[in-house]
Structures are given as structure tokens and as C-alpha cells.
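Engineer: The structure's right below; bear with me while I get my questions together.
The values are calculated or read from the model by the stated rules, or taken from the named source; none is laboratory data. None of these values were measured; they are calculated from a predicted model. A quick note on method: Cβ atoms are made from the backbone with ideal geometry, for glycine too, and the neighbour counts reach across all protein chains shown.
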Amino acid sequence: MQESLETLREEILDRVAHCGSEPELDHLRVEYLGRKGRITLLLRGLREIPAEERPQAGEQLNRLRQLVEEQLEARLAELKAREKERILREERVDITLPGSRWERGQIHPLTLVMDEIIDVFLGMGFEIARGPDIEDDYHNFEALNMPKDHPARDMQDTFFVSQERVLRTHTSPVQIRVMESRKPPLQIIAPGAVYRHDDDATHSPMFHQVEGFMVDGHISFADLKGVLTHFIRRIFRAEIKVRFRPSFFPFTEPSAEIDIECMLCGGKGIPKDQQVCRVCRGSGWLEILGAGMIDPQVFRFVGYDPEKVSGFAFGMGVERIAMLKFGIEDIRLFFQNDIRFLRQFACL
Amino acid sequence: MKLTVHWLKEFVSFRGSPQKIAEALTMAGLEVESLVPLPAEGEGGNDWLIEISVTPNRGDCLGILGVAREIAALTGEHFRLPPTSPHAGDPTLKQVIDVKVMHPRLCPRYSARVVQSVRVAPSPSWMQSRLEACAIRSINNVVDVTNWVMLETGQPLHAFDLARLTSKRIVVRRAGAIKKFVTLDGIERQLAPEDLLICDGDAPTALAGIMGGEDSEVRTDTQSVLLESAHFDPLTIRRTAKRLGLHSEASHRFERGVDPEGTLYALDRAVFLLEKMAGGIPLKGVVDRRARQKGTKPILLRTEKVKGLLGIGLSPKETERILKSLGMKIQGRTKAGLKVMPPSFRRDLTREIDLIEELARLHSYDRIPSTLPLVQPGGGKVDAPLRWERKIRSFMVGEGLSEMVNLPFASSDMNRRFCGIWQGQRSPVAILNPLVQGDAEMRLSLIPGLAGNLGAHIAQKARGFRAFDLGKVFSLDPKGVPEERECLAGIIFGRRERKGLRVMEEPPLTLLDVKGLVEGILELAGVEQSTVWTIPDVPSCLHPGKAASLQFVDGSRMGYVGELHPDLCEELGLPSALIFELDIEGLVQYAPRQLTVRSLPRFPSVERDLSIVLEDGFPAQQIVSWIKEQFNHSLIEDVHVFDQYKGAPVPEGKKSLAYTISYRAKDRTLTDAEVNSLHRDLISRIGEVFGAQLRE
Ligand SMILES: [Zn+2]
């Protein structure tokens, strides 16, 4: 008995250790521990052995059963772990296959640039105002110090809707509309579409401007320089060179045009290879903004006292800024709306 | 304005390269547009041609002397005038020519001299080449001298053949009854009564300040020349030049204001050159008809004002230095500031602010500091319209539509086909001078632009196209006043593209996809509950069976969705695309101003489906409305359609609709028995009301 149990134990342990799968293990469990299993039968056979040997034999058998159960469990856990490992080893996705998602749309680059401009000014505490695209002669010209028959009107080729109404040639009339209805202090930007009777690689009959102005008791030309320099550095880069030079607009005095150093030639104009830079045409500078102190006459038109308030105004072309930022040479690309063009701005 | 560096150097000496001078001019407000070397001219090395873009306020710089004065002011160098043949009193001139100015306001000054015995011939080549470099065609020595002096002084001159002025009486008058005049370019001009003419007695001989006439022009046989150096009213010249489309070097200058004190100097300079170039013998005398003038008062320039406006104080010394360098006279010094008299050639300087600009300009904008003003609170916020725009754009982009920016012009044909949110109730805004004759109106709808974008992409073999435009449309209101409306429109065609492996083909887009886009907009505006879809009067550009209008519960129109009408697609060569257009400006006015959040339910809901077979034309929404409004049970939380099916086993002409009903009690978990009994009740009532077969 002693010996045969020992042999059985060896046999079972050996078979469990070599068992390679869960069904095989289940099979072994039935074979030894099932209702007709060998250990079960041996336990049942205890009744037939002499009473004085029974407790010892019973204990030995029970220990064997317990050992077998433990071994089966351990082997099962081992097999499950091995199976999991196998699955993890074998289940693979080719990560070089394309990911799957819905195609997104693209916001127009002009909107993106417009938003960027707006956000810089919002960050400086400006607020937004808007005006009509179809503007009357008074707001578009007259109140901006451009009386009928003034040569300054030649600077802006105009679309006429009637004798008295035009497609606004700039966003400056919003200045007038805001000042007519509100009192200083004002710090406003007015984004929008404007129209000029013009069509070539650098001019579109419709384009976008952002007008801005600030009016209060003591606003100076130095403030104009500060605000616009800050703006330019935010839109382009912090160390870009900026210059202010005198110019003329009928509704500002003193007036300025603001240039940034050319991004293509780095402000050199005529780089070493002697080829005149095609972006700045050799000057090394690119015009980016028009600005000036609001003319006292404009203040009188809106009923402000130029002795009590002062202010500056500025205007910029959104397309021009976008063209310079991204090296776009033909303005018409913006209005062709080719998806292949638009998609390039996905990362902006 | 074109000039050469050598010419400039005759009047002001300056050191430094042409590039340096160009830079200095640009930084003083005379923007140099180009600087190019001229072919070698011999002595003095290569000359350079400078092109300056002269702003409309600086008429004085339409003469080289003006530019030279500017350089002298900028550099402190000495400025010198070129030599003249001075006039002197000589009463005998009256017998040669008489001048009568009928309208002194339109011609405040008329000066003239006579040069006899000129020999008309070609100009020497140096004169010709310089004139031509400055874009003036060389004619003959007499005409060339007048142009030369105009380039130098900015004062336009005109030379008449004295022999051809038969009456010997110059009359400056309005055209009045004179209807026609042949200018020296041989073109017959139609005159308006208010045009200003120079007449020889009664016969017109020049269009004042614009162009001379053919008859009195200087020719090879001319012997005596009458030189006119006058000053005309800028507006009168501008109106006539504009109306006739006749823009000359002379009119350009008169429009921008010529120095009224400069007429005699220019005459004397021209006479000097005629003596040298054409061997002429001048008469000493001069005609100088001059309107009585108001005395000009000095301008008070306040130190405080300068400081306040520029943000930097200038020392009295610097201030006076700048003013004097520009030819201004200090007529008095007070505590407040200076009394300043600008020179006659600076007609743009009439106010204190004009002087402040000159101070800033000459002191240099670069030397004015940059400061950041104190900003008043209240701004810095993305306002409602911008917030809406940004929300809408990001929704559209997430739905796979790309943003288009189209020009807002349209042909009347397109405006007739696509009349947008006003649905034919409005007429379009016409443009009087369109760039392209075909596109002579402002768009009534954003759809033509989007349809064009679709067409362009189809031409490039795109398989699908999804785009939107958020922009203005324009119409005339019932009073004929233009109205603008911010609209949103979209166009979708093909299948929605999925990136990656093609596991299954996406179904083609349908009307429900475009309706879904609009519902998304309504949801983000919080107005889904206040809108209704209506079938009648959908725009005629749409397929009548696949279209709907959107209205607010108060009846106002908000837009439409639909499939493009097949006839229209055929005519325009477009595939059948789905479109929508919404009056965004109107729509957001209905958006709730305040959001109130409800607490979440504490007890679970129970869902039951029901399916019903109805006539094919039956609108699915009716059942939903009936359950919500008529059946209206407090335990029914929500009802929605989830399926529509046609085909076997559903009989021909019928369809099966399937709905999900959500039941929920606020205060307890509903039992199955409770829900089942309520659902059965609902089913039998629907059966009665709609006479339909139902399946649970
Ligand atoms: Zn460059």
C-alpha cells in the first residue's frame, strides 16, 4: 500500500507536470479525482482495510488528494499564464497601416489669420465693432476728411452702388459710426471685408482689413508706436525690426506707414548674389500697416472736441499679412478655395 | 514723380550714395518706389532715376526744386535756385497781348511773358534724354523748355504760338455755350458749361490747366511765343479732367495745388532757357492778373499740444530749427508757443496739426519713443457675433466641411436662380461699375459661390466635396435701401470620406445628412425646440420632394435645406448636391441668453420600442408630436424615430416606422408591469387614432 501510493504519487506528479493544455488537465482531474477517479476509488476502498490501519491510510490518501488538487491548480494557473503570454505574443496589429477617422474640414486661412489678429488686440483690451459693407459716401469718405473731388479719393478705386452708396473701400467708416454713437474712452478694432476696383496677383476686388483706433484724453503718437510695435511682434516674431515712416492719409495727421524687415532677404534688399529681392523689391522692408493720429477734422465730424480728446487709428490688410507670413505670392489663391491649398493650414 | 540724381544735385549738394538719399526721402515721407541707374551720360559718372510716390498733400514735391528743398531741410545742406531771365516793367507788352480773367476764383493768378524770334528745333540730346528718363516725350525746344521748367518748379507752363492768337486778347472763362474743343492730341472734346477755357478772344485755345489746343500749338514756323504760367482752382481742373478722362502732367499738378507765388519765377526760368535753347529774344514786360487775396494769418503752434500729441517734448531750439529748415517764418514767440507762417509753396500747412506733423517728420518718427497707453476696462472680450462665428466654424469643420471665402459678386442670372434666405421677396443690389460685366450684382445667396467651388473641385476629379461659407448676403429692402445679412450655407456631395482602411463603403449622403448639419447648428444655438420644418414654398432651386424650409415658431423664415433641382444641375453642369442656407444673424437672436442646468435623474428609465405600418407619405414626426402633445403622459420622458423601412413584408405603398419611447418616474424605479401596461395602452391608442397596424 505504502509503496503503491508512492508510485501513484510519482505517476500523477509526472503526468501533471507534463500536461500541456487545459482539456488535458481536466482529463487528469477526472481520471484521479472524478467520481470514478483512482484516488476517489482508493478513498472509497478505505472501508475495506483493517480499522487500525485506516486512520493512517486515510491520512496518507487525503494528503495525496490535496497534493494532486494543488498541483492541478498550480499547473492550470501556469498553463493559463502561458496561454495569455502566447496570445499577447501572437496578437499583433501592423501599426504601419493607416489610422481610421472621419475626414475633418478646414477653416479658411484668412479666418485663421483674422482670428490671430483679433486675439492680439483683445489681449490688449480692445473691443470689436462692425459696420456695413455697403456704406454711404458720408461715412466712407466725407467724414474721413475726403470731400467730393478730393484727389485722395483716387487712392481708392471705388465700386458704386448708387450716387451716394459705395462698397466700402476700407474699414475706417466703422471708426466714424462708433464715434458717432459713443463717447471716449474707446479702444476698438473693426474687422471686415472691403472692396477696391482692382484685380491682379496682389489685388483682389474684395479683401479684408482690420481697422483699429483708440481715443481718450491723452493718447499720443508714442502710444500708437507702442501698441502697433507690440502687435507686430506678436503676429510675426518678437525680435523683428519695425520702422515707422511718414505718410499721408486724409483722416490722420501725423500719418505713418509701418514696415517690417523683409522676411525673404532678412532686410538686406539686395543679398550677396546681387539679385534684387522679389518680395521687397530691394528695399529690405515690407509695408504692413497704415496708421496715424486721428485728424482733428474727423473729431469735429463726429462731434468730439479735438482740444479735449486725441487718438490714433490704424488699418491693415489681412490678405497681405497672410501672404507675408506664409510666403504666398498670388492673392487669388485665397479666393479659389482649392481644398489642397486650404489643407496646408491644418497645422496652423 | 520721376527725377534724376544729377538734376537734384544742381539745386542741393549732398554727400552719400543715391541709396542714402533715397532712404532719407523715404523716411521723410517721400516714399522712393524705385531707384535705377541710367545709361552713362558722360561727365559726372552714372546718373540714377528716382521714382517717388508723392502723396496727394505734397503738391510742392511734384517739382524737383520741392524735393531738393526737402533734402536741404533733412541734411542741413544749402539749397539754390537755378538762374532766370528776370522780368521788368514794360508797358509796351499791353500792345502785344491783353489778358482778361472772367472768374478770378477759378483762376486766381494768370501770368504771361512773350519771347520773340525763337528758332523752333529739336532740343539738344542731353535735354531730350533727361526729359525722356522722367517720362516726358521730347517735342521741340520750346515745348521741351515748358516741360523742363514744370519738372523743376512744379508749375505747369503752356506755350502758345503768338501769331496764331489772332485777337491778341486772352480771356479766361467758363465754356458756357462753347460745346467742343480739339485738344493738341487731335481729339475733339465735349465740353461742359463749367469747364474752364483759355480763349483767344471768343475762340477756345486751351483747356485751362489740362491741355492746349491744336490750333495755337507751337510748330516749326513759330516765331513768337506767349508763355502762360497760371494758377487754377484745383477742384475745377479735377472735375473737368475726370469727366474727360484726360489726366495730364499739368492737371495732376493743379489738382494737388501749385504755389500761387511761383508763377513769375517759373516764367522767368523758362524765358532764361528759351534764350539759351531757342535763341529767343524776350520782351521785358510781364502780364500778371491776380485776384485779391485774403491775408493769411500765422498759425499758433503750442508747445503743450506738440508734447501731448507726439508724447515727446521738443526743445524750442529744435522746434525752430525744423520749422526754419522747411522755409517757415517765426512771426512771434509767446508763452504758449510760436506764431508760424508757412511758405507759400506748402499749401498743405494750414493748421497747428499740420505743423506738428512736420515736427514729427523732420525730428524723425524713429526718435519718438514707444509707450503703452492705459487701456480702459470693458474690452478684451470675444463678443457674441464672434463667439457664434467661432462655434459654427468649429462645428462645421468637425462635420468635415471646409470653409470657403468667395467674392460676394453674382450675375443677375445666378441671383435669379438662387435667391437665398429672402426666397424671392427681395431684389438684388446692383453695382454701377462692376469689374466684370457679368458679375454686376451683390449675391443674394451664398449658394452660387459654393456651387462654383463644387464645380471647380469636380473638374479636378474630386470624388466628394463638403464646404461651407459664413458670410454676408445683400438685398434691397422694400424701401430700396441695401440690407446685409450674415448667413451660413453649406454644400455636400458624394460620400463622407473616412481616412484609413476601407472596411465598408460609406453610404451616399442624403437629405437627412444635410438636415442633420442644420439640426447641429440649431442645437448649438439652443433653438431646436423653437423651430419647425415646413414643406410649402421651398426655393425653386431645390428638388420639390427633397427640400424643406425652416421657420421659427413665430413664423419668421430662417432658411432651407434640400437637394439641388435636377434641371438646375443639368444646366450648370453640377452633380446632384445637397445644400442648406441659414439666416445666422436672425437665428442667434432667438438663442437663449441664460443657461439653466437641470439636475440628473435619480431613477433609471425604461425603454420600449414600437413599430407601426402607415401610408408611405405619412410624416414620421406626427406620431412623436401626438405622443408628446396629445397622449402627454407624465411618465413618458422622450420619444424618437429610429427606423424607417419600405419593402417586403410591408405592403406596397406603405412603410414601417419604428419608435423608441423612454419611460421614467422622478421618484421611483418603474416596475416592468407598470411600464408594460402603459406601453400597451399607448399602442392601442395609436392604433385607434392613426388606424394603423402596430407591432410591439
Ligand atoms: Zn526682401
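Engineer: Taking the conditions exactly as written (touching a residue at least 40 places away in the same chain (Cβ under 8 Å) and farther than 19 Å from B:S85 by Cα), does B:A112 satisfy them or not? Walk me through how you get there before you give the answer.
Structural biologist: Values: touching a residue at least 40 places away in the same chain (Cβ under 8 Å): yes; farther than 19 Å from B:S85 by Cα: no.
Criteria not met by B:A112.
Engineer: Here's a follow-up. Any chance you could count how many residues in the range A:274-296 are out of contact with any strand residue (DSSP E or B) (no Cβ under 9 Å at 6 or more places or on another chain) and either more than 16 Å from the ligand (Cβ to nearest atom) or of a type in the set (V, I, T) (or both)? First the steps, then the outcome.
Structural biologist: First, pick out the residues of the range A:274-296 that are out of contact with any strand residue (DSSP E or B) (no Cβ under 9 Å at 6 or more places or on another chain): A:274-278.
Next, from what is left, pick out any that are either more than 16 Å from the ligand (Cβ to nearest atom) or of a type in the set (V, I, T) (or both): A:276.
Count: 1.
Engineer: Consider B:G687 against the criteria (1) touching a residue at least 40 places away in the same chain (Cβ under 8 Å); (2) not in a strand (DSSP E or B): it satisfies all of them except one. Which criterion is unmet?
Structural biologist: (1)
Engineer: Considering only the range A:295-348, give the helices (runs of 4 or more DSSP H) lying wholly within it that have at least 2 residues that are away from every other protein chain (no Cβ under 12 Å) and surrounded by fewer than 18 Cβ atoms within 10 Å (Cβ to Cβ). Break it down stepwise before answering.
Structural biologist: Values: elements: A:296-301, A:318-326, A:333-336, A:339-342.
Where helices (runs of 4 or more DSSP H) fall fully within the range A:295-348 and carry at least 2 residues being away from every other protein chain (no Cβ under 12 Å) and surrounded by fewer than 18 Cβ atoms within 10 Å (Cβ to Cβ), they are A:318-326.
Engineer: Can you tell me which residue is nearest to B:L509 (Cα to Cα) among those in the range B:440-464 that are among the hydrophobic types (A, V, I, L, M, F, W, C) and within 8 Å of another protein chain (Cβ to nearest Cβ)? I'd like the intermediate steps shown before the answer.
Structural biologist: Residues of the range B:440-464 that are among the hydrophobic types (A, V, I, L, M, F, W, C), as a first pass: B:440, B:442, B:444, B:446-447, B:450-451, B:454, B:456, B:458-459, B:462.
Next cut, within 8 Å of another protein chain (Cβ to nearest Cβ) only: B:442, B:456, B:462.
Values: B:M442: 31, B:A456: 20, B:A462: 15 Å.
Checked the range B:440-464; the qualifying residue nearest to B:L509 (Cα to Cα) is B:A462.
Engineer: Just for the range B:465-483: of the residues that are among the charged types (D, E, K, R) and facing chain A (nearest Cβ under 10 Å), which one is farthest from B:I421 (Cα to Cα)?
Structural biologist: Within the range B:465-483, the subset among the charged types (D, E, K, R) is B:466, B:469, B:472, B:477, B:479, B:483.
Then drop every residue that is not facing chain A (nearest Cβ under 10 Å), which leaves B:466, B:469, B:472, B:483.
Numbers: B:R466: 20, B:D469: 14, B:K472: 11, B:E483: 12 Å.
Within the range B:465-483, the match that is farthest from B:I421 (Cα to Cα) is B:R466.
Engineer: Whether any residue in the range A:81-101 is modelled with pLDDT of 90 or more, within 30 Å of B:F395 (Cβ to Cβ) and part of a helix (DSSP H, G or I) is what I want to check.
Structural biologist: The answer is no, given that none of the residues of the range A:81-101 is modelled with pLDDT of 90 or more, within 30 Å of B:F395 (Cβ to Cβ) and part of a helix (DSSP H, G or I).
Engineer: Across the range A:201-238, what is the number of residues that are within 26 Å of B:A22 (Cβ to Cβ) and either within 7 Å of chain B (Cβ to nearest Cβ) or not β-branched (V, I, T) (or both)? Write out each step before concluding.
Structural biologist: Step one: list which residues in the range A:201-238 are within 26 Å of B:A22 (Cβ to Cβ), which gives A:201-203, A:221, A:224-225, A:228-229, A:232, A:236.
So of that shortlist, the ones also either within 7 Å of chain B (Cβ to nearest Cβ) or not β-branched (V, I, T) (or both) come out as A:201, A:203, A:221, A:224-225, A:228-229, A:236.
So the answer is 8.
Engineer: Sticking with this structure for a sec: Where in the range B:76-173 are there helices (runs of 4 or more DSSP H), lying wholly inside it, with at least 2 residues that are under 23 Å from B:D60 (Cβ atoms) and under 40 Å from the mean Cα position of the chain (by Cα)? Show your work before the answer.
Structural biologist: Numbers: elements: B:93-96, B:125-133, B:141-153.
The qualifying helices (runs of 4 or more DSSP H) are B:125-133, B:141-153.
Residue by residue, here is whether (1) closer than 23 Å to A:E307 by Cα; (2) touching a strand residue (DSSP E or B) at 6+ places or on another chain (Cβ under 8 Å); (3) modelled with pLDDT under 95 holds:
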position	(1), (2), (3)
B:L314	yes, no, yes
B:G327	no, no, yes
B:G332	yes, yes, yes
B:G337	yes, yes, yes
B:F345	no, no, yes
B:T350	yes, yes, yes
B:I356	yes, yes, no
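Engineer: Within the range A:131-164, how many residues are facing another protein chain (nearest Cβ under 7 Å), assigned to a loop (DSSP other than H, G, I, E, B) and under 38 Å from the mean Cα position of the chain (by Cα)?
Structural biologist: The qualifying residues number 3.
Engineer: Please specify each residue of the range B:440-487 satisfying the condition of being within 17 Å of the chain's Cα centre (by Cα) and over 15 Å from A:V166 (Cα atoms).
Structural biologist: Matches in the range B:440-487: B:K472 only.
Engineer: Please report, ordered by residue number, the helices (runs of 4 or more DSSP H) entirely within the range B:221-295 with at least 1 residues that are over 20 Å from B:R109 (Cβ atoms) and of a type in the set (D, E, K, R).
Structural biologist: Working: elements: B:234-244, B:249-255, B:263-278.
Once the helices (runs of 4 or more DSSP H) in the range B:221-295 are filtered for at least 1 residues that are over 20 Å from B:R109 (Cβ atoms) and of a type in the set (D, E, K, R), what remains is B:234-244, B:263-278.
Engineer: Would you pick out the residues in the range B:94-114 that are out of contact with any helix residue (DSSP H, G or I) (no Cβ under 8 Å at 6 or more places or on another chain), buried (at least 19 other Cβ atoms within 10 Å of the Cβ) and among the aliphatic types (A, V, I, L, M)?
Structural biologist: Scanning the range B:94-114 gives B:V99, B:V101.
Engineer: Does A:F251 qualify as being more than 11 Å from every other protein chain (Cβ to nearest Cβ), within 29 Å of A:P296 (Cα to Cα) and away from the ligand (no atom under 16 Å from the Cβ)? Break it down stepwise before answering.
Structural biologist: Values: more than 11 Å from every other protein chain (Cβ to nearest Cβ): yes; within 29 Å of A:P296 (Cα to Cα): yes; away from the ligand (no atom under 16 Å from the Cβ): yes.
In short, yes.
Engineer: Look through the range B:379-420, keep the residues that are within 7 Å of chain A (Cβ to nearest Cβ) and on the phi > 0 side of the Ramachandran plot, and return whichever of them is surrounded by the fewest Cβ atoms within 10 Å (Cβ to Cβ).
Structural biologist: B:G380
Engineer: Could you list, in sequence order, all residues of the range B:302-331 that are in a strand (DSSP E or B) and either within 14 Å of another protein chain (Cβ to nearest Cβ) or of a type in the set (F, W, Y) (or both)?
Structural biologist: So the first thing to find is which residues in the range B:302-331 are in a strand (DSSP E or B), and the list is B:302, B:329-331.
Correct list: B:R302 only.
Engineer: So, A:V242, is that one within 29 Å of B:R58 (Cβ to Cβ), of a type in the set (V, I, T) and more than 29 Å from the chain's Cα centre (by Cα) or not? First the steps, then the outcome.
Structural biologist: Details: within 29 Å of B:R58 (Cβ to Cβ): yes; of a type in the set (V, I, T): yes; more than 29 Å from the chain's Cα centre (by Cα): no.
Against the criterion (within 29 Å of B:R58 (Cβ to Cβ), of a type in the set (V, I, T) and more than 29 Å from the chain's Cα centre (by Cα)), A:V242 does not qualify.
Engineer: Take the residues in the range B:421-439 that are free of Cβ contacts under 8 Å to residues at least 60 places away in the same chain, part of a loop (DSSP other than H, G, I, E, B) and among the polar types (S, T, N, Q), then tell me which one is nearest to the other protein chains (Cβ to nearest Cβ).
Structural biologist: So, considering only residues that are free of Cβ contacts under 8 Å to residues at least 60 places away in the same chain, part of a loop (DSSP other than H, G, I, E, B) and among the polar types (S, T, N, Q), the one nearest to the other protein chains (Cβ to nearest Cβ) is B:N433.
Engineer: Here is a list: A:L167, A:L186. Which entry is surrounded by 20 or more Cβ atoms within 10 Å (Cβ to Cβ) and more than 8 Å from chain B (Cβ to nearest Cβ)?
Structural biologist: It is A:L186.
Engineer: Just one of the numbered conditions (1) without any contact (Cβ under 8 Å) to a residue 24 or more places away in the chain; (2) away from the ligand (no atom under 16 Å from the Cβ); (3) over 30 Å from the mean Cα position of the chain (by Cα) is not true of A:F221; which one?
Structural biologist: Tallying (1) without any contact (Cβ under 8 Å) to a residue 24 or more places away in the chain; (2) away from the ligand (no atom under 16 Å from the Cβ); (3) over 30 Å from the mean Cα position of the chain (by Cα), A:F221 fails exactly one: (1).
Engineer: Hey, any hits in the range B:223-235 for a residue that's surrounded by fewer than 24 Cβ atoms within 10 Å (Cβ to Cβ), assigned by TED's automatic domain parsing to the domain that holds B:N141 and over 17 Å from B:H252 (Cα atoms)?
Structural biologist: Yes, that holds for at least one residue.
Engineer: Against the condition surrounded by fewer than 16 Cβ atoms within 10 Å (Cβ to Cβ), within 23 Å of A:F221 (Cα to Cα) and of a type in the set (K, R), how does B:K329 come out, does it pass? Steps first, answer last, please.
Structural biologist: Details: surrounded by fewer than 16 Cβ atoms within 10 Å (Cβ to Cβ): yes; within 23 Å of A:F221 (Cα to Cα): no; of a type in the set (K, R): yes.
Taking the combined requirement at face value, the residue does not satisfy it.
Engineer: When the range B:332-372 is examined, which residues are found to be more than 10 Å from chain A (Cβ to nearest Cβ) and surrounded by fewer than 16 Cβ atoms within 10 Å (Cβ to Cβ)?
Structural biologist: Hits for the range B:332-372 are B:G332, B:R333, B:T334, B:K335, B:A336, B:P343, B:S344, B:T350, B:R367.
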